[in-house]
Structure formats: structure tokens, C-alpha cells
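Laboratory data are not the source of any read-out in this text; all were calculated from the coordinates shown. These numbers were taken from a predicted model, which means no experiment stands behind them. Note: ideal-geometry Cβ built from the backbone for every residue, glycine included; neighbour counts use all protein chains shown.
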Amino acid sequence: MNPVKFRGGRVPALFGALAVVAALSASAQAQPANANLGRNLAAQCANCHGTNGRSVTSVPSLAGQDAKDIVARMKEFRDGKVPKATIMHQLAKGYTDEQVALMAEFFSKQAE
Amino acid sequence: MSTTFNRRDFVKSAGALGLLGTSAITGCASVGGVAKPRVVVVGGGFGGATAAKYIAMWSDGKIDVTLVERGDAFVSCPLSNLVIGGSKQMADVTVSYDGLGKRGIRRVKGEAVGFDADKKTLSLADGTTLSYDRLILSPGIDFMYESLPGLASADARQKVLAAWKAGPETVALRNQLTAMKDGGVYAIHIPKAPYRCPPGPYERACQVAWYFQQAKPKSKVLILDANEDVVSKKGLFMKAWNGQYKGIVEYRNNQEIQDVDARTNTLKMSFGDDVKADVLNLLPPMRAGNIATQNGLNNSNKRWCLIDWLTYESTAVKNVHILGDALQIAPLMPKSGHMANQHAKVCAAAVVAQLTGEAVNTTPMVANTCYSFIDNRNVVHVASVHRYDAAQKTMVTVPGSGGLSAEANTAEGGFANSWARNIWADMLA
């Protein structure tokens, strides 16, 4: 499967961008209880997206993506707005906004 | 390579000092206080290899990591049912351990047999002793042959195969199927849950049915399930058995067995007539792997291991952590490779924190996905997300998360192959 399909139309919706801002500011207020929380949470995604988000396959890489894009995509998955999603709509529902923001932050800092 | 390598590099601990002299002392953690903390990991599967890699990566080389593994290369259980069905080869599910060496992880080829919790040493079958500060066991499962006298001999086990640890038995089962005459019966017996990989037996039945459809259309697949019902992905598997495999696959529930006669390939059922098959594939009841069972770590029903879900440390023995299928799992957490990889990361984070004086994360999460191949291209999944519940001190599923595929599809066929390559790289590269 071509990752580009899922990248198309990623952020254009205004509501998506607003949600991102909301989620990011929520995370800025709440300091993670553990300094490595973002890293630890992101490691759960590595089974499919590769270690530190660097995929070696057709699953899209998350490393080096903008944090706000990842947050927006996760929200779209959670809200059922990605009709082609095979699995992310189910996984995205398992994480809070705060957790998603921490993971997104971690991935955004990894080399592509 | 093992003997000389072992002796020179690893017999530094305890009893070996006298034999080898002072040159061996330098690596000993108890001397001088400058040595790195040591983690020894037993078992290079989804749990152990991941733990070794992530401890090396997250400690940035500050922790000395050794992986003890008896095999020469990693052979994946996930996807190995496709070797049995004939659409993949063993080479497609085999991955080298060399990537771990590049991360500074030392690999010792050998069979771990026991440990001394006071001296903090692990012993291998060849007499080697390894010192640890933290020991991580990812021993997988072993079979409870004591419940099946008919499988007491090695000959019987080579005839009536389990093929539930990917490797030579995978090939042997494939060979039995290719040698079988058209019009024959393949029967698979599934033990009562819990067992390794809940959807695995049903996927295997699909793969054998797919092979029969291509090559032996008069043949049958008989699923004899000791459980009351299909344990995983019921609707999705039923759809295949009543659809594309109609007339090939027959499913029977509540099929408990008394024993097996390997000479005649006959199952002695608890209720009803004996069942004979041309190829008989029997998954015996399972328990935590031998090293856990033989060293008192199996403190749940003498079968599985209880751990602290924040650190994966055994509740029976201090400084010993356990991962993967050997665990007494929390509700709705399957015994899967994906799950073992996730256990390993929570454990790795905790062990690095413990050995470097940082705080252990008190809000761990794990997620599971099991992909199953219905044929060579169409795949279904089940997924779930779990969080630590501090009040109950266990993992609970996050409400509303996870789910199943709507139907088998080729998009997930692609993603399942991608998943395999990414998770293998995540543990071994």
C-alpha cells in the first residue's frame, strides 16, 4: 500500500488544525509524570511504523513528521474521518490527547 | 563458535575466577565499582530480542547487555503458517541475529538451565555461568506432555507434530502435507485456552485448506477444538470456512482428548468415537517455558508466571523479569509476538531506570495486533490497547479501543507483511 494515499489531504480541514492547537496546548500545561513517557509511548507504534518511527516497509514512517500533523492524523483516525484506514481508527481510540501529543513530539524529533 | 567465545568472554563470574585467574576479574561487576550494570536476557524471540535491543538503545551503552539464545537465527512463528500452506519459504520467516551485535549486544549461543538468585548468576547447559544485575527471561512456552502419554517418546512427537515453535517442525509438517494423498484428512487439535497465539490454529487451518484447494481438492481439514467456541476472530474465520473453504473445512467444538496413538494417527476423544487423520497436528496444552517452570517462577497455577506490570519483575524472585507467552496474562491480553515485543519495551524502560537510578514509569501502556492470513493474500486483524490500572495493579483494555477487520482484504495482506518486516527489524536490527 502506498503511504502517499494517507498523506494526501492531511491537514487542510480547519477543524483539524484547531484540534491540534488544543491538544498541543493541553500537553504543554500537563508535564508528563515521567521524562521518558513520550519515548515509551511511541515505542508501542514501532512494531508497525519501525523503531523510532523509521519504517522499513509500506507502513508510513512517522520519524521527522511535524508533531501537529501526527496529532491531526490521529484525531482524524479517532473520529472516523479516514475512510481508507484499516487499523489506525481502532488504535487511535486507545490514547488520550495528552499521550498523542507526547508521542507526536517524540516522533517529530527523530531523524527521517 | 560458542565454546571458546564463551570461555574467554563470559566465564568471568563466580566459580570460574579460580580457574581462569586474575585476567578474568576486570569484567566483574562487583570489583572496583566502575563496571557497567549487567543485564542478561534469555531467549531471542519477540520478547527477549526486543528487550536486549531497547535496553542497549535506551541506556546508550551504559548497560552491558548479553543475549542467550540456543538458535542460530530467529525464526518467526507469525507468518510461519504460510510456510505450511506453501506460499512462503522458511527463508522468508528467518532473520539473522547479527543486527544485535552491531548494537553492542553480546550473544551467547546456549541453553539457559537455571539461575542463582542470591549470587545473581545464570547457568547454561554447557557449564557457563553469567553474572547479572537484572535477568530477563523470555522463555516462551513448553508443552505439558505429561497429559498425553501417547507423546512420551521422541518418535511419537516427530510423527504427530505440534509445529507450534517455528523451525524444523514447520518444515516437517509441510512435508507431511505434500506427501499426503489427495482425498486425505488433515486434523488439527487445539487445546483449551490459554495457549500461544489464539488465532494461530484457525489461521493454520485456513492455510492448509488453501493448499488443498490448489493441490489436493478432494482433501479435508478437520478442526478439533477443545474450547467451547472459536477462541479468536470467530466471525471472520467462520466466514472463510463457510465461504471460500466450504466443503473443505469442518469445525467441531468441545473436542477434549484423552490421549493420542501416534502409530495410527488416532486421537482418543473424551466423548465420542476416536478420530483418525492422515496428517495429525496436535497442539498439546502449554505452560511457561522450561527455565521458568523448573526454577519456581510459574507461580500462577504452576503453569504461568506472575509479574509486576510496571517492571515485569517476577513476583516470585527478585531481579528476575519475565516477558511474553510465559506470563499469566491480564484479561484480554493475548499470548502473541506483538504483545511480547510490547512487554519488552515496558520492561526495558523500567530496567534502564532501575539500573541508572531514574524513576520507573507508573503509567505504562501496551497494544496488541494479530494479523491472520485467510489465504495467501487476504488478511484479517484483531487489535486492542491496554493501560495500567493502578488501583487493580493490572493492565485493562482502554474502553472503545481496538477491534476487528470488517472482512478479509488484500490491503491488510500488504500491511501484515509490512508489520512482520517492521517488527522483525524492531527487535533485531
### Summary
Any trypsin sites (Lys or Arg not before Pro) in the range B:265-363 that lie in a DSSP loop and have at most 10 other Cβ atoms within 10 Å would be B:LYS302
### Message
Need the C-alpha centroid separation for the range B:166-182 versus the range A:54-105, integer Å.
### Response
41 Å
#### Entry: For the range B:102-183, the spread of Cα positions along each principal axis, largest first, Å
58, 37, 19
### Query
In Å, what is the Rg of the alpha-carbon atoms in the range B:190-238, and how long is Dmax?
11.6, 33
### For chain B, built as a Gaussian network whose Cα springs stay under 10 Å, the top-fluctuating residue of B:GLN342, B:GLN214, B:GLN354
B:GLN214
### Message
Please report the projected area of the protein assembly as shown's Cα convex hull averaged over all directions, in nm².
### Response
25.3 nm²
### Query
Over the alpha carbons of the range A:59-102, what is the largest minus smallest coordinate on each principal axis, giving the biggest first in Å?
24, 22, 13
### Query
Rounded to the nearest 5, what is the percent of antiparallel bridges among the DSSP beta bridges in the protein assembly as shown?
55 percent
### Task
Using only Cα atoms, locate the centre of the range B:339-373 and the centre of the range B:218-257, then give the distance between them in Å, rounded to an integer.
35 Å
### Summary
dims of chain B, Cα set, principal axes, largest to smallest, nearest Å -> 71, 48, 37
#### Entry: Percentage of interatomic Cα-Cα distances in the range B:148-285 larger than 19 Å
47 percent
### Summary
If each K or R counts +1 and each D or E counts -1, the residues other than B:ASP116 whose Cβ falls under 14 Å of its Cβ total +1
### Query
In straight Cα distance, which lysines are under 18 Å from A:LYS75, not counting same-chain residues fewer than 8 positions off?
A:LYS5, A:LYS84, A:LYS93
### Query
In whole percent, what relative contact order does chain B give with Cα contacts below 8 Å and a gap of six or more residues?
17 percent
### Task
Take the Cα radius of gyration of the range A:34-108 and divide it by 2.2 N^0.38 Å, with N its residue count; two decimals is plenty.
1.01
### Query
Quick one: what does P(r) look like for the range B:267-405 with 5 Å bins over all Cα pairs, in whole %?
2, 9, 15, 17, 16, 14, 11, 7, 5, 2, 1, 0, 0
### Query
Along the range B:115-129, what does the Karplus equation 6.51 cos²θ - 1.76 cosθ + 1.60 (θ = phi - 60°) give for ³J(HN,Hα), rounded to whole Hz, x for Gly and Pro?
8, 10, 5, 7, 7, 6, 10, 10, 10, 9, 4, 7, x, 5, 10
